[in-house]
Amino acid sequence: MTTKLIVHLRVYRAQAKLTQAELANLIGVSRKTINTIENGVFTPSTTLALTLAKALNCSVHDLFALPE
């Protein structure tokens with residue numbers, strides 16, 4: 001069973017006034033990685049999700065959710 005993840009990364013990145021490239025450089029991944037996460041193409045690992053949350057000063061639950 002594959003569940004589509006709800007992703008709020010774009011919103012939190014924009015609130016932090018970061019481009020995809022800037023966020024990618026900040027956490028050590030490619031801009032394409034950020035883009036594919038934001039578009040729901042790629043589901044990040046737990047480590048990457050925690051790293052994104054730390055960089056954006058929010059919780060993983062703020063960035064990602066499961067549908068009801």
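Quick note: the coordinates plus some simple rules give every number you see, no bench work behind them. Here the structure is a predicted model, which is why all the values come from computation and not from measurement. Neighbour counts are summed over all protein chains in view; Cβ atoms, including those assigned to glycine, are modelled from backbone coordinates with ideal geometry.
Couple of notes before you dig in:
- Residue within the stretch 16-34 that is surrounded by 15 or more Cβ atoms within 10 Å (Cβ to Cβ), of a type in the set (S, T, N, Q) and under 17 Å from PRO67 (Cβ atoms) present: no
- Within the stretch 37-68, considering residues that are farther than 11 Å from ILE6 by Cβ and among the small types (Gly, Ala, Ser), the one surrounded by the fewest Cβ atoms within 10 Å (Cβ to Cβ): SER45
- Residue ID - surrounded by the most Cβ atoms within 10 Å (Cβ to Cβ), chosen from residues in the stretch 1-15 that are out of contact with any helix residue (DSSP H, G or I) (no Cβ under 8 Å at 6 or more places or on another chain) and outside any loop (DSSP other than H, G, I, E, B): VAL11
- Restricting VAL11, VAL7 to residues that are touching a residue at least 40 places away in the same chain (Cβ under 8 Å) and under 17 Å from ALA65 (Cβ atoms) narrows the list to VAL7.
- Summed over the stretch 31-64, residues that are out of contact with any helix residue (DSSP H, G or I) (no Cβ under 8 Å at 6 or more places or on another chain) and touching a residue at least 40 places away in the same chain (Cβ under 8 Å) total 1.
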